[in-house]
Amino acid sequence: MSLLSVTVKRGSLVGSGAQQTNSYVCLKLQTVKSTTVPVRGKNPCWEQDFLFEVSDLDTGLLLEVWEKGMLWDRAIGYFWCPLNTIPFTQEGGPGTWWPLDAEVVMEGGRIIRTKNPTGHAVLVDCRFEIPCEVEYSDPSGLQQKLERLNEIMSGEWDSGRRPPFLNQSGYSEDSDYTSDIFPLNLPYPNAAASQYLQVADQLPNSASIESYFSDDQLKVDAGVDRICSI
């Protein structure tokens, strides 16, 4: 599965009535159809982005320009872009002028090209987006971001700036679930780390973390023995 990014920038229409033309662009890819808003003038500026999921690279993208009418719309021109001619890149570019033709040529029920130039054109930036996993093929960039994130988190804990919900029993930041049986104050997915930090603040200096968890373990074991005996 590939992601096709299409930015319809602006158009250039010719002819005596081009200045009064209220035109819009229609993009068709397989069974998906997307359109821009109508813009009036011989140099309409649409500047609209579209994103398509593509599973078959053997087909193409059909761009159509239509004139908006009172009762019905009129086709101004067509451009056929085979998908295998579109580059893979992560950055957008200035775009390419696609010349519009008057007719669509089909063969075996499939569009193969267009013909008969009209003189109209549309500026389009069309590219396949590079998957996210390719961006970090060199893990050094990702590692630097992770190290920076760890430094920020360590600085927040050391300075004592903790969210107010840390001391609320049974609170879950990413869930509605609360526990009345074991209110361990575990708001983060990393339960062991958050529990350790809370316990360290609550115990006197002479107490130890190991004894706290040992006492809790004895309580749990006693509860299990009681249930088994019943």
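Laid out as a table, the results:
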item	result
Among (1) open to solvent by 40 Å² or more (accessible area, probe 1.4 Å); (2) in contact with a Ser or Thr (Cβ under 7 Å, 6 or more places away or on another chain); (3) farther than 14 Å from A121 by Cα - the single one F88 does not satisfy	(2)
Residues of the stretch 9-21 that turn out to be more than 30 Å from T59 (Cα to Cα), open to solvent by 30 Å² or more (accessible area, probe 1.4 Å), of a type in the set (S, T, N, Q) and in contact (Cβ under 8 Å) with a residue 12 or more places away in the chain, as a count	2
Given (1) out of contact with any Gly (no Cβ under 9 Å at 6 or more places or on another chain); (2) open to solvent by 50 Å² or more (accessible area, probe 1.4 Å); (3) farther than 25 Å from T7 by Cβ, number of the condition P94 does not satisfy	(3)
Selected residue (only one of V54, V6, V32 is surrounded by fewer than 17 Cβ atoms within 10 Å (Cβ to Cβ) and either under 12 Å from V122 (Cα atoms) or under 23 Å from the mean Cα position of the chain (by Cα) (or both))	V32
Hits in the stretch 60-94 - residues which are more than 31 Å from the chain's Cα centre (by Cα) and part of a strand (DSSP E or B)	E67, R74, A75, I76, G77
Cβ-Cβ under 9 Å pairs, at least 6 apart or on other chains, the stretch 42-63 side within 14 Å of T31 (Cα to Cα), far side open to solvent by 80 Å² or more (accessible area, probe 1.4 Å) and β-branched (V, I, T)	G60/T85
Test: V104 is open to solvent by 40 Å² or more (accessible area, probe 1.4 Å), touching a residue at least 24 places away in the same chain (Cβ under 8 Å), out of contact with any His (no Cβ under 8 Å at 6 or more places or on another chain) and under 14 Å from K28 (Cβ atoms)	yes
Residue pairs meeting the criteria (Cβ under 8 Å; at least 6 apart or on separate chains; first under 24 Å from Y24 (Cα atoms), in the stretch 71-94; second among the basic types (K, R))	W80/R113; I86/R127; G92/R127; G93/R127
Hits in the stretch 3-44 - residues which are out of contact with any strand residue (DSSP E or B) (no Cβ under 9 Å at 6 or more places or on another chain) and either part of a strand (DSSP E or B) or within 27 Å of P82 (Cα to Cα) (or both)	T31
Residues (among the small types (G, A, S) and assigned to a strand (DSSP E or B)) located in the stretch 95-128	A102, G119, A121
Some residue of the stretch 41-49 being within 27 Å of the chain's Cα centre (by Cα) and open to solvent by less than 30 Å² (accessible area, probe 1.4 Å)	yes
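The values are calculated or read from the model by the stated rules, or taken from the named source; none is laboratory data. In this text the structure is predicted, and so the values were computed from the model without any measurement. So basically every Cβ, Gly included, is an ideal-geometry build from the backbone, and we count neighbours across all protein chains shown. All accessible areas refer to the heavy atoms of the entire protein, side chains included, with ligands and DNA or RNA removed. Shrake-Rupley method; radii C 1.70, N 1.55, O 1.52, S 1.80 Å.
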